[in-house]
Amino acid sequence: AQKITQTQPGMFVQEKEAVTLDCTYDTSDPSYGLFWYKQPSSGEMIFLIYQGSYDQQNATEGRYSLNFQKARKSANLVISASQLGDSAMYFCAMSQPGGGNKLTFGTGTQLKVEL
Amino acid sequence: NAGVTQTPKFRVLKTGQSMTLLCAQDMNHEYMYWYRQDPGMGLRLIHYSVGEGTTAKGEVPDGYNVSRLKKQNFLLGLESAAPSQTSVYFCASSSKRGPMYEQYFGPGTRLTVT
């Protein structure tokens, strides 16, 4: 069975600083995808970044990068130059191709960006 | 482009009442999903569909039924609501093509069962 673990219920970061949100996963399938979603206080789920299990390079999308360490089964999200608008809940999720590409979510990390 | 829409946005039910949540997507996606979100537990998959006329159980299917009569619609039904079904419900859809199967989420439905 797949499992996603996010061990940081809450994080604080100063504006303009970088922050790393931790995510570890467990799967026996060699083919999988890792996603990060942002959920602001308004409630919608916003896709941020994706990493495939066979991708050789770490994914980047603007200020977001995914630190993928396959051997350690970790997929940490790095947000550079934090902004007040980054304050939100962040979810790590994993999918496995086939069978509907279902997502398994972690419990989330609440990030608060401070002045 | 509307993406994924959900109806209604809010609903209050009494224990034992029934209701149907409607999800619609205009992206021609093959896959659709229903999740529930409870505090401290992330999102959990209730049911999903890999195509018109197909449905399958997810992680927490008990107390819910679904139907996908049209490709663009995915309905979630509660036949006899219970307080434990108080939650925020999200619908999502994704394409089965390409290496990245990003799921697109609707805005959510906040359901309270008293």
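First select every other residue whose beta carbon is under 15 angstrom from the beta carbon of A:N67; then total the charges, Lys and Arg +1, Asp and Glu -1.
Values: positive: A:R63, A:K70, A:R72, A:K73; negative: A:D22, A:D55, A:E61.
Combined, the nearby Lys, Arg, Asp and Glu give +1.
Which percentage, to the nearest 5, of the DSSP beta bridges contained in the protein assembly as shown is antiparallel? Roughly 90 percent of the DSSP beta bridges within the protein assembly as shown come out antiparallel.
For a test of the definition: using alpha carbon positions, the gyration tensor, and the 1.5 limit on a/c, classify chain A as rounded, prolate or oblate. Please list the in-between numbers first.
On the way: a/c = 1.99, a/b = 1.66, b/c = 1.20.
Taking the square roots of the gyration eigenvalues as a ≥ b ≥ c, chain A is prolate.
Structure remark: mean-square fluctuation, Gaussian network model of chain B, C-alpha springs under 10 Å; the largest value among B:P83, B:P39, B:P61 belongs to B:P39. Taking the 1.4 Å solvent-accessible surface of chain B as the whole, the part contributed by carbon and sulfur is 53%. Shown in residue order for the range A:100-115 are the 3J(HN,Hα) couplings computed by the Karplus curve 6.51 cos²θ - 1.76 cosθ + 1.60 at θ = phi - 60°: x, 6, 5, 9, 10, 9, x, 7, x, 10, 8, 9, 10, 9, 10, 5 Hz (x for Gly and Pro).
Local charge for B:L45 was computed over the other residues whose Cβ lies under 14 Å away, with Lys and Arg +1 and Asp and Glu -1, and equals +2. Taking A:G33, A:G99, A:G52 as the candidate residues, the one with maximal mean-square fluctuation in a Gaussian network model of chain A, Cα springs under 10 Å, is A:G99.
Given a cut-off of under 8 Å on Cα pairs at least six residues apart, what relative contact order in percent is computed for chain A? Show your work: numbers first, answer last.
Numbers: 289 pairs, mean separation 42.6, N = 115.
Relative contact order of chain A: 37 percent.
Dipole size of the range A:1-102 about its Cα centre, with +1 on Lys/Arg Cβ and -1 on Asp/Glu Cβ: approximately 200 debye, rounded to the nearest 20.
Here the label points at B:E59 and A:Q83, each 7 Å from Cα along the C-beta direction, are separated by 3.1 nm in the simple model. Springs between Cα atoms under 10 Å define the GNM used for chain B, and in it the highest mean-square fluctuation of B:R68, B:R11, B:R97 occurs at B:R97.
The values are calculated or read from the model by the stated rules, or taken from the named source; none is laboratory data. These numbers come from a predicted model, not from an experiment. Cβ sites come from the backbone with ideal geometry, for glycine too, and all protein chains shown count toward neighbours. Accessible surface is based on the protein model in full, side chains and every heavy atom, while ligands, DNA and RNA are left aside. Shrake-Rupley method; radii C 1.70, N 1.55, O 1.52, S 1.80 Å.
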